[in-house]
Amino acid sequence: MDRRTFVGLTLALAGGMPALAGGMPAAREARPRPGRTRLILLGTAGGPRPRKTRAASSQVVIVDDTAYVVDCGDGVARQLVLAEVPLATIRHIFLTHHHSDHNADYGNLLLLAWTAGLREPVRTWGPPPLQGMTRHFLELNAFDIETRTAGAGLVPLARLIQAHELTEGGVVMEDERVKVTAALVPHLAVAPSFAYRFDTPDRSIVISGDTTRSDSLIRLARGADILVHEALFPEGMDRLVAGAKNAANLKRSILALHTTVEDAGRVAQAAGVKTLVLSHLVPAEDPAITDRMWTDAASRHFRGRVVMGRDLLEI
């Protein structure tokens, strides 16, 4: 049996069949809270280009020391380590959509968690072609995986990965700690794209993913404690695209794919959430746009609490 066939069969046996239903990061600024549920922003930059002060999009919900990762931008494994979240505690990974600032380190997170002591199965969830991505990643790294498996007596990594593809909204999974519900959100040609809601014993947390202003997201987030919503500051767009060959077209494309910070406030107000967290920031590093400018813009249409997202911030 050749290596490709072996990896594919092992992944299938592990449960990978279709589901039925930049630089040094900023110092951690955690705000511990009592209760069973924690939310940590791992990366808060929008866009695939590595940056000095913000990592790519990712966050983790932790319930009773079990980690549920949402999106896997560049450097997610290191961000988890910096947040003092043991990689071996990951049990589920959710991808909102397949843009590289959200999935570039999907496979790397699984591989590095395995080398760091992961021995329990991890179920992964996201749009097609998640299963193909998983299979190809295992093939790409087969030499390293096989040598480590033989040398250290580890369980083959493929046996620990159960990849599930999602094509519509609804309840994704439920265990004794959390119920996760997905909603389809509009992200132009990148379809399907999802937002996720986590209902735990003591909190409800919604992650918007990338989306324009969305009624389906409003319904998903209704009454939630926290909405983590992507945010774009229009006044910074000309500086962001300056020097690009097709700057005008690039600007139009970005604006058509994302939600302005004021509209994020409108969504939060319509959904009746308690706290709006601004993340996946575009532009991510514009010194002319202060934190106060971001939060003031969101507060024009939202009467609740607004939090400016920062890498490794615990909310």
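Distance between the 7 Å Cα→Cβ label points at residue 303 and residue 256: 3.7 nm. When the charge dipole of the chain is built from unit charges on Cβ atoms (+1 for Lys and Arg, -1 for Asp and Glu) and taken about the Cα centre, the candidate among 151, 109, 170 whose Cα reaches farthest toward its positive end is 170. The fewest-to-most ranking of 255, 41 by surrounding Cβ atoms within 10 Å reads 255, 41.
Say the dipole of segment 3-308 comes from +1 at the beta carbon of Lys and Arg and -1 at that of Asp and Glu; which of 304, 97, 66 then lies farthest toward its positive end? Checked the options; the winner is 304.
So which lysines can residue 179 reach, going by Cα to Cα under 26 Å and dropping same-chain residues fewer than 8 places off? Hits, sequence-local ones excluded: 274. Computed from the C-beta positions of residue 249 and residue 52, the FRET efficiency with R₀ = 30 Å rounds to 0.65. Between the alpha-carbon centres of segment 150-203 and segment 49-100 there is a gap of 13 Å. Across segment 123-130, coupling constants 3J(HN,Hα) worked out from phi with the 6.51/-1.76/1.60 Karplus curve, θ = phi - 60°, read 9, 10, 9, x, x, x, x, 4 Hz, and Gly and Pro carry x.
Pick out, from 35, 138, 87, the residue whose Cα sits farthest towards the positive end of the charge dipole of segment 3-308, with +1 on the Cβ of Lys and Arg and -1 on the Cβ of Asp and Glu. Projecting each Cα onto the dipole axis, the largest value belongs to 35.
Can you compute the charge dipole magnitude of segment 73-220 about its Cα centre, using +1 on each Lys and Arg Cβ and -1 on each Asp and Glu Cβ, nothing else charged? Give it in debye, rounded to the nearest 20. Mind dumping the intermediate values first?
Numbers: 13 positive and 17 negative charges, 33 e Å.
For this selection, approximately 160 debye.
Within the straight-line cut-off of under 22 Å between alpha carbons, none of the lysines are reachable from residue 245, sequence neighbours fewer than 8 places apart in one chain being disregarded. Taking label points 7 Å from Cα along the Cα-to-Cβ direction, residue 119 and residue 285 give a separation of 4.1 nm.
Taking amide H as placed 1.01 Å from N in the peptide plane, the amide H of residue 42 sits under 5 Å from that of 58, 59, 60, 312, each at least 5 places away or on another chain. The residues 302, 233, when put in order of fewest to most other Cβ atoms within 10 Å, stand as 233, 302.
For segment 136-294, give the magnitude of the charge dipole about the Cα centre (Cβ charges: +1 Lys/Arg, -1 Asp/Glu; no others), in debye to the nearest 20. Kindly include the intermediate steps, with their values, before the conclusion.
Working: 16 positive and 21 negative charges, 65 e Å.
In total the dipole reaches around 320 debye.
This model, with +1 at the C-beta of Lys and Arg and -1 at the C-beta of Asp and Glu, gives the chain a dipole about its Cα centre of some 360 debye.
A short reminder: the numbers here are calculations on the coordinates, not readings from a lab. All figures in this text were calculated on a predicted structure; none of them were measured in a lab. In this analysis, Cβ positions are derived from the backbone assuming ideal geometry, glycine residues included, and neighbour counts consider all displayed protein chains.
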